[in-house]
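Remarks on the structure that follows.
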Amino acid sequence: MQINLHSEWHSFLSDEIQKPYFLDIIKFVEQEYTNNICYPPKELIFAAFNSCNFSDIKVVIIGQDPYHGKGEANGLCFSVNQGVRIPPSLRNIYREMVADLETLFFPTSGNLESWAKQGVLLLNASLTVREDSPNSHKHLKWNLFTDAVIQKISDEKEHVVFLLWGSFAHKKGLKIDRNKHLVLETGHPSPMSANQGKWFGNKHFSKTNTYLKNNNLQPITWAE
């Protein structure tokens, strides 16, 4: 399977994508996509990287697993294709965003490409999944790869905002250098967590923009 990474990311991750564990992932994924229905489409496996260059990163949001329903996953965490019904977790993300930023309109599309184009890396911990089987590729070592990506961003950039939603994301962010980055943690936006009072009121969207502005960076237009 061809690793279709943008040239900037390809250079940045050149050592990582040549390691034996990563080559094993690619080999297994090729077999999985041949023998089963998997998501996102093969050409979008690395969409999170190709939609947001390394040099442009201002914010990192960490998800867990791609959506496993037909036509949903587009390679960006929490994001779905245009025309797909907004999933419950993303609906709660939008609800918090609207309340936090006091915007007038609730988004009608679940496609988050506009965030990515502004420097938001929407990174799932695992980049692939089998249809209707959540966490079905958990046994792969995608975690090693995405941990390495997070570590490299932490080491080689400054003033990045990491949004860690839920205990899984909290663990992924343990090694982030919090002296030169802003790490915001809260519960997961899924209905179960949100309804227990662990999501709403976190104000992560306004806090992110305040931090970016304080460091002379263009804030994110979250609601468009």
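Hey, any hits in the stretch 53-66 for a residue that's of a type in the set (Gly, Ala, Ser) and more than 19 Å from Trp165 (Cβ to Cβ)?
The initial filter retains those residues of the stretch 53-66 that are of a type in the set (Gly, Ala, Ser), namely 55, 63.
Add one more test, that the residue is more than 19 Å from Trp165 (Cβ to Cβ), and what stays is 55.
Within the stretch 53-66, one or more residues are of a type in the set (Gly, Ala, Ser) and more than 19 Å from Trp165 (Cβ to Cβ).
Which of the residues that make up the stretch 70-99 are open to solvent by 30 Å² or more (accessible area, probe 1.4 Å) and in contact with a strand residue (DSSP E or B) (Cβ under 6 Å, 6 or more places away or on another chain)?
Glu72 - this is the single residue of the stretch 70-99 that is open to solvent by 30 Å² or more (accessible area, probe 1.4 Å) and in contact with a strand residue (DSSP E or B) (Cβ under 6 Å, 6 or more places away or on another chain).
Identify all residues within the stretch 201-216 that are open to solvent by 60 Å² or more (accessible area, probe 1.4 Å), touching a residue at least 12 places away in the same chain (Cβ under 8 Å) and in a loop (DSSP other than H, G, I, E, B); write none if there are none.
Lys203
Six or more apart or on different chains, Cβ under 6 Å: which pairs go from a residue in the stretch 1-29 that's over 23 Å from Ser154 (Cβ atoms) to one that's polar (S, T, N, Q)? Could you list them?
Val29/Thr128
Being among the aliphatic types (A, V, I, L, M) and either open to solvent by less than 50 Å² (accessible area, probe 1.4 Å) or in a loop (DSSP other than H, G, I, E, B) (or both) is the filter here; which residues of the stretch 11-50 pass it?
Kept after step one, since they are among the aliphatic types (A, V, I, L, M), are these residues of the stretch 11-50: 13, 17, 23, 25-26, 29, 37, 44-45, 47-48.
Across the stretch 11-50, the qualifying residues are Leu13, Ile17, Ile25, Ile26, Val29, Ile37, Ile45, Ala47, Ala48.
The values are calculated or read from the model by the stated rules, or taken from the named source; none is laboratory data. Fair warning: this is a prediction, and the values are worked out from it, not measured in the lab. With ideal geometry, Cβ positions are generated from the backbone for all residues, glycine too; neighbour counts draw on all protein chains shown. Surface accessibility is based on the protein's heavy atoms, side chains included, excluding ligands, DNA and RNA. Shrake-Rupley method; radii C 1.70, N 1.55, O 1.52, S 1.80 Å.
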